[in-house]
Amino acid sequence: MQRTLYFFICLCFLLLWSSCRKDFEFSSSKGNLEFSRDTVYLDTVFSTLGSSTYTLKVYNNSSEDIIIPHVGLSLGEHSGYRLNVDGQSGKTFENVELLSKDSLFVFIETTVDIKTLPTTQPQFLYTDAITFDTGIKQQKVALVTLIKDAVFIYPNRDHTTKVIETLSLDMGGEIVDTELQGRELLPSELTFTNKKPYVIYGYAAVPHGETLTIDAGARIHFHNDSGLIVSEGASLQVNGSPSTNPDLLENEVIFEGDRLQPGFSDIPGQWGTIWLLKGSINHNINYATIKNASVGLLCDGNANNVNDKLTITNSQIYNSSNFGIMGRNSSITAENVIINNAGLSSFAGTFGGKYNFTHCTITNYWSNGFRQFPAVLLNNFNVNESNTATLAHLSQANFNNCIIYGNDTPEILLDKVEDETIAFNFKFTNCLIRMENSNGGLIGANYDVSNTAHYEQNIFNKDPDFKNANKNQLLIGAKSAAINKGNTSFSAQVPQDILGVNRVALPDIGSYQHVVFPNKN
């Protein structure tokens with residue numbers, strides 16, 4: 001009896017409580033919505049390429065549950081923007097419910113073809129607005145996107161089978177098929193100008209015997225798993241020049257990914273590499289920035305050429321997920337080159353070769369996970385798939401007036417396979433090097449810093465006083481151990497630092513002459 005009475009009382013309470021609820025009693029909105037921002041900036045995107053997804057939060061701070069009669073884009077179905085409201089995709093929405101003291105997410109994307117817009121300019125500020133309600137109650141949130149026109153280089157696609165063309169290369173007269181998506185550049189594509197950015201999908205190859213010339217101020221953007229290949233007998237000429245604005249770098253040639261949003265500005269591994277194949281020749285890179293690649297520069301072969309395979313000057317390579325520069329039995333001259341933040345090594349001279357670095361700053365302050373190798377790696381071997389090592393001469397590896405530093409120690413690794421018939425020649429002269437032997441790993445004659453055949457007038461484990469190495473700001477300050485410690489015979493070869501400051505008489509070590517930081521951060 002008591003149990004039946006208890007059940008009856010509970011049932012009555014539930015019926016009375018539910019009769020008082022207002023779950024389905026929504027009022028029309030009164031134009032008093034609040035928003036997480038009054039303008040949504042979708043940053044910069046290339047014409048015809050989709051943006052990232054951006055978020056707007058809509059708040060109902062009133063004490064009433066409301067219905068928003070209309071949510072949509074001002075340009076309606078003709079808008080280049082797309083919305084997702086409460087899990088539904090579209091451009092207009094009717095009767096959107098929003099509970100009291102609750103919020104609603106609106107997700108926004110855009111894809112715009114600049115050729116459909118009323119402009120002949122290479123970039124256009126594209127705008128629209130999201131409207132909430134109509135008439136006198138209407139509220140708006142502006143949408144703004146900068147659309148850039150670009151030259152797009154795509155691999156060919158078979159429209160019947162949807163198969164994307166893979167790259168074939170002329171290797172000594174033999175056509176070799178690769179597994180990389182891409183195509184060779186056409187004769188009309190062998191000069192990159194600064195009039196429009198270039199966006200490359202897949203690997204663009206410089207054909208056998210041709211030269212790709214890149215003008216000062218050009219911007220080259222690579223999609224994911226894309227890059228540039230220079231074939232046998234071909235050449236790359238990057239003709240950047242000094243810039244007056246260190247933030248804009250208006251005259252440098254910049255190689256980076258195709259994601260232009262600020263959140264992607266320093267993300268490593270967004271694209272593949274610039275690959276200088278064995279047999280390619282006479283590459284010159286001046287005033288270039290190469291950032292966010294898997295390998296910034298991959299330089300193969302030609303170690304015994306009279307002229308170096310690659311000469312790179314006044315250039316910067318940052319945020320490579322593997323190597324900044326990797327030479328494989330190759331020949332490289334580098335002057336005023338800065339390399340920082342690599343998942344493996346900033347510079348790796350592997351399988352022997354010939355390398356000369358003067359007034360360079362080679363550092364590694366990688367902070368995206370465990371780093372296996374130091375800033376500078378040298379070895380004289382290559383290991384094939386069957387785990388067999390092939391040896392090659394390291395005929396030269398000279399580092400003159402260079403800073404070699406990082407957030408690990410030691411920051412050099414001399415990985416030699418002993419063989420009296422194979423040369424392993426290297427020398428560090430007037431360098432600032434992080435080379436602490438805290439774990440006892442620096443064993444053998446190659447690490448004997450008293451041996452003047454390998455080490456001369458170096459400074460070990462002293463503070464270079466970088467402005468902010470984690471942010472790739474490798475200027476040295478007034479407290480740097482590198483000040484006035486360079487050898488003047490090398491500064492005579494490279495008389496100006498990377499910013500054009502004279503260094504002949506009192507050279508600092510590295511790519512920069514020192515400055516006074518007013519507010520070091």
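The values are calculated or read from the model by the stated rules, or taken from the named source; none is laboratory data. In this text, all values refer to a predicted model and were calculated from it rather than measured experimentally. Cβ sites come from the backbone with ideal geometry, for glycine too, and all protein chains shown count toward neighbours.
Kindly provide the set of residues from the range 481-501 that are among the polar types (S, T, N, Q), in contact with a strand residue (DSSP E or B) (Cβ under 8 Å, 6 or more places away or on another chain) and more than 23 Å from ASP247 (Cβ to Cβ), ordered by number.
Residues satisfying the conditions are ASN487, GLN493.
Name the pairs whose Cβ atoms lie under 6 Å apart, with the first residue in the range 454-465 and outside any loop (DSSP other than H, G, I, E, B), the second small (Gly, Ala, Ser), and 6 or more positions between them or separate chains?
What qualifies is ILE459/ALA481.
Any idea which of SER280, SER315, SER331, SER294 is in contact with a strand residue (DSSP E or B) (Cβ under 6 Å, 6 or more places away or on another chain), in a loop (DSSP other than H, G, I, E, B) and among the hydroxyl-bearing types (Ser, Thr, Tyr)?
Within the list SER280, SER315, SER331, SER294, the selection yields SER280.
Within the range 419-478, track down each residue that is among the small types (Gly, Ala, Ser), in contact with a strand residue (DSSP E or B) (Cβ under 9 Å, 6 or more places away or on another chain) and more than 29 Å from ALA389 (Cβ to Cβ).
ALA469, GLY477
Does GLY227 count as surrounded by fewer than 20 Cβ atoms within 10 Å (Cβ to Cβ), within 20 Å of the chain's Cα centre (by Cα) and touching a residue at least 60 places away in the same chain (Cβ under 8 Å)?
no
I'd like the full set of residues that are of a type in the set (S, T, N, Q) and within 21 Å of HIS221 (Cβ to Cβ), limited to the range 35-59.
Matches in the range 35-59: THR44, SER47, THR48, SER51, SER52, THR53.
Can you name the strands (runs of 3 or more DSSP E) wholly within the range 80-196 that have at least 1 residues being buried (at least 19 other Cβ atoms within 10 Å of the Cβ)?
It comes to 81-85, 92-98, 102-110, 123-132, 139-148, 151-153, 166-171, 174-184.
So which of ASN304, ASN251, ASN245, ASN284 is surrounded by fewer than 18 Cβ atoms within 10 Å (Cβ to Cβ), at pLDDT 95 or above and assigned by TED's automatic domain parsing to the domain that holds GLY352?
None of the others qualify; the one that does is ASN284.
Here is a list of conditions, (1) surrounded by 17 or more Cβ atoms within 10 Å (Cβ to Cβ); (2) at pLDDT 95 or above; (3) over 36 Å from the mean Cα position of the chain (by Cα), and SER29 meets all of them except one; can you say which number that is?
So SER29 meets the others, but not (2).
Examine the range 39-54 for a residue that is closer than 27 Å to GLY263 by Cβ, of a type in the set (D, E, K, R) and modelled with pLDDT of 95 or more, and state whether such a residue exists.
There is no residue in the range 39-54 that is closer than 27 Å to GLY263 by Cβ, of a type in the set (D, E, K, R) and modelled with pLDDT of 95 or more.
Condition first: farther than 13 Å from VAL40 by Cβ and either among the acidic types (Asp, Glu) or not assigned by TED's automatic domain parsing to the domain that holds SER63 (or both). Now tell me which residues in the range 98-131 satisfy that.
Result: ASP102, ASP113.
Quick check on this structure: which one of THR92, THR55, THR48, THR44 is under 18 Å from SER28 (Cα atoms) and either of a type in the set (Asp, Glu) or out of contact with any Pro (no Cβ under 8 Å at 6 or more places or on another chain) (or both)?
None of the others qualify; the one that does is THR92.
Filter the range 235-256 down to the residues that are under 19 Å from the mean Cα position of the chain (by Cα) and of a type outside the set (Phe, Trp, Tyr) and list them by number.
Correct list: VAL238, GLY240, PRO246, ASP247, LEU248, LEU249, GLU250, ASN251, GLU252, VAL253, ILE254, GLU256.
Taking the range 315-328 as the region of interest, how many residues are over 13 Å from the mean Cα position of the chain (by Cα) and buried (at least 24 other Cβ atoms within 10 Å of the Cβ)?
Final tally of qualifying residues: 4.
Suppose we filter ARG259, ARG219 for residues that are modelled with pLDDT under 95, out of contact with any Ser or Thr (no Cβ under 7 Å at 6 or more places or on another chain) and buried (at least 17 other Cβ atoms within 10 Å of the Cβ); which single one remains?
It is ARG259.
Please go through the range 484-519 and pick out each residue that is aromatic (Phe, Trp, Tyr) and either under 25 Å from GLU250 (Cα atoms) or touching a Phe, Trp or Tyr at 6+ places or on another chain (Cβ under 8 Å) (or both).
Of everything in the range 484-519, those that are aromatic (Phe, Trp, Tyr) and either under 25 Å from GLU250 (Cα atoms) or touching a Phe, Trp or Tyr at 6+ places or on another chain (Cβ under 8 Å) (or both) turn out to be TYR512, PHE517.
Any chance the range 468-480 includes a residue that's farther than 26 Å from ASN245 by Cβ and not in a strand (DSSP E or B)?
Yes, because at least one residue in the range 468-480 is farther than 26 Å from ASN245 by Cβ and not in a strand (DSSP E or B).
For a quick check of your reading: which strands (runs of 3 or more DSSP E) sit entirely within the range 359-453 and have at least 2 residues that are touching a residue at least 12 places away in the same chain (Cβ under 8 Å) and surrounded by 17 or more Cβ atoms within 10 Å (Cβ to Cβ)?
The qualifying strands (runs of 3 or more DSSP E) are 361-364, 376-379, 394-400, 403-406, 412-415, 427-429.
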